[in-house]
Every structure is written in C-alpha cells, then in structure tokens.
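The values are calculated or read from the model by the stated rules, or taken from the named source; none is laboratory data. The structure displayed is predicted, hence computed values, not measured ones. Neighbour counts are summed over all protein chains in view; Cβ atoms, including those assigned to glycine, are modelled from backbone coordinates with ideal geometry. Heavy atoms of the whole protein, side chains included, go into the accessibility calculation; ligands, DNA and RNA do not. Shrake-Rupley method; radii C 1.70, N 1.55, O 1.52, S 1.80 Å.
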Amino acid sequence: MSDAEHSLHSGTGVLDRSAIRKNFDEAAANYDKSAVLQARVRQQLIERLDWIAFEPDTILDLGCGTGHAARALGARWPKARVVAVDFAPGMLREAARHDDSGRFERLCADALELPLPDASVDLLYSNLMLPWCDDLDTAFAEMARVLRPRGLLTFTTLGPDTLIELNESWHEADDYTHVIPFADMHDIGDGLIRAGLVEPVLDIVRYTLTYPDVYSLMRDLKAIGARNATTGRPRGLTGRQTMRTVEQTYERHRHEGKLPASYEVVFGQAWGAVDRSDAERDGEFAIPVSAIRRRGGNESP
C-alpha cells in the first residue's frame, strides 16, 4: 500500500489544495456509499435550523459535496436562491445528478477565494468542509465577507480528538504525523471573532464508527476523498512492518469485536455583523455548557 493511500496524513501541517481537489474529484462517484458520518452530521446540522425563525433569500452551501444538503435547503425554502459550491468538479457533477427538480445552482470555487459579491448571502451552510482549510482565518474572513448583515453562518468541522485511535497507532509505527491536526473549539471561536462574525455559539458531538479491522477504516477514508494531501507527504511505499505495527497497536482499542474510529464534531453558528461596533461588542463567544453536556455523549451512526 502506498503512503498516498494513508488517509489524513500530515507531514508538515500544510495542505496541498490541488491534491485535495484531485482526491475528492476521484471519490465523487462513490462518495455517498461510504459517507455515513457526513450524512448523519448533515441531517443534524439541517435540523438545527428548526431552532431559528429565518427566511433567507440567498443560501450558500459551501463545500456541497454531492448536493444532498443543497437539495434539502432548497426544499425547505423553495423561494430562496440556493447556490451549491465545491472546488471538486466531480462533486458538482454528482450534485447535478441529485438535483432532479432544479432547486439549486452549482459553482466550482475555492472556499478561500469565493467569486461572490460582498454581503450577498443570507444563510451560509457548510458541513465538514473546514477541516480541509488549514487557513481558517481566510476561510472565516471569506464567509464574513459574503454574509449580509445579520446573515447566518451554520457549520460543522472536526476537533482534535477525531481519529485519535488511528493517530496513536501511527505514532507507534513511525515519526510522521498521519492525522491532520484539527483545530480546537476555542481556536475556532477565536477565529470567528477575528473575522468579525458575532454571537458565535459552539458545541461538540462525539460519534463512533466501528470497523472489523484498520484496513477497512483506511478504505472508507480513501473512498470519501480523505487521503493524504499534505505538501510534505512521503512519496514512497510504506513497509509491511510499519503497517503491521499500526495494525497491532490499533488492536488495543478493539471492543466487543469491533475497532472504533472516534470523531469529535464541532457544530457552530455565528451572525454577520451589522456594523463594526456590533462585531466588537464583547469579543466573546458562547459555548453553552448545557449543550455540551446534552450532546457530548457518543453516537454511532
């Protein structure tokens, strides 16, 4: 197995965006078969919109993948203009296949440089796209730029306990970093504030997927496009002994006949600032303890 097949490997902490695009482009046709976690989180993120009395005119699904959320958002607000954005052309082709009723437009673009006017979006929805942006400040700045005053940003990303079992197993096997260093929830909140977004609220939900062996986990990650996309990734082959060490170390986590793969999902929302004083009002963000306790238990999609 080549090291390019080892998902979420990070040699330098810097992501190669052309490699990310290529990986997701190649995974698009069969993405939905393995995107179990992504589908569960997408459903819950959309359900959270029930909590808000909101009638958007323009909706942006940023990192739309195969288009399921864009279709659902269009069905929820049939009078709204829905724009589905992804920078992998293959994902947009799959999204077009799922848009049988023509509910949304499609745009191939990078989240770090959106070709959209300032203050043009009422609702910006983004599900598990941010882990693939190692420059969160730029990503949040672009989100803040395109949001209208009091427009809503709702998103999910991954926290540092994601794939912790796989990360620990690789640490036993070699000196490389094999799992992207995901941002801490407090750092995400600070980034939202720096971007000028207001009233951020964040909480965490933990999920556990189970597998018969570590190779099945790696195949699933590859199938959704979550492959090694760092600029410092090794180009050679991974030795059998290294892989054997990973396999043996991961076995320590086996429970009731299955190997767990943990995911720490950060749910967040924030609002576009009305003016500068709005953005600078407190410089604080809220993380409701009650929400974390209520949603902090494991879920197994």
**OP:** Compute the accessible area per residue over the stretch 113-193, keeping the other protein chains in place, probe 1.4 Å, unit Å².
**Re:** 36
Subject >> Length released on extending from THR208 to ARG48, taking residue separation times 0.36 nm less the Cα-Cα span >> reply: 55.5 nm
Original post:
How far apart, in nm, are two points set 7 Å out from the Cα along the Cα-to-Cβ line at ASP135 and at GLN248?
Top reply: 4.3
Original post:
Ranked from highest to lowest mean number of other Cβ atoms within 10 Å per residue, what is the order of the peptides 53-59, 185-191?
Top reply: 185-191, 53-59
**OP:** Mind running the shape call on the stretch 55-120? Use the C-alpha gyration tensor, a ≥ b ≥ c as the square roots of the eigenvalues: rounded below 1.5 for a/c, prolate if a/b tops b/c, oblate otherwise.
**Re:** oblate
**OP:** Please find the FRET efficiency linking VAL274 to ASP57, where r is the Cβ-Cβ separation and R0 is fixed at 25 Å, and quote it to the nearest 0.05.
**Re:** 0.90
**OP:** Please report, in debye to the nearest 20, how large the charge dipole of the stretch 1-132 is about its Cα centre when each Lys and Arg carries +1 at its beta carbon and each Asp and Glu carries -1 there.
**Re:** 320
Original post:
Under a 1.4 angstrom probe, counting protein chains only, how are MET143, MET129 ranked by accessible area, largest first?
Top reply: MET129, MET143
Subject >> LEU49 - accessible surface, heavy atoms, 1.4 Å probe, Å² rounded to 10 >> reply: 10
Original post:
On the accessible surface of the stretch 146-194, probed at 1.4 Å, how many percent belong to carbon and sulfur atoms?
Top reply: 45
Original post:
Roughly how many debye, to the nearest 20, is the charge dipole of the stretch 46-87 about its Cα centre, given +1 on each Lys and Arg Cβ, -1 on each Asp and Glu Cβ, and no other charges?
Top reply: 100
Subject >> Probe 1.4 Å - accessible area at ARG81, Å² to nearest ten >> reply: 130
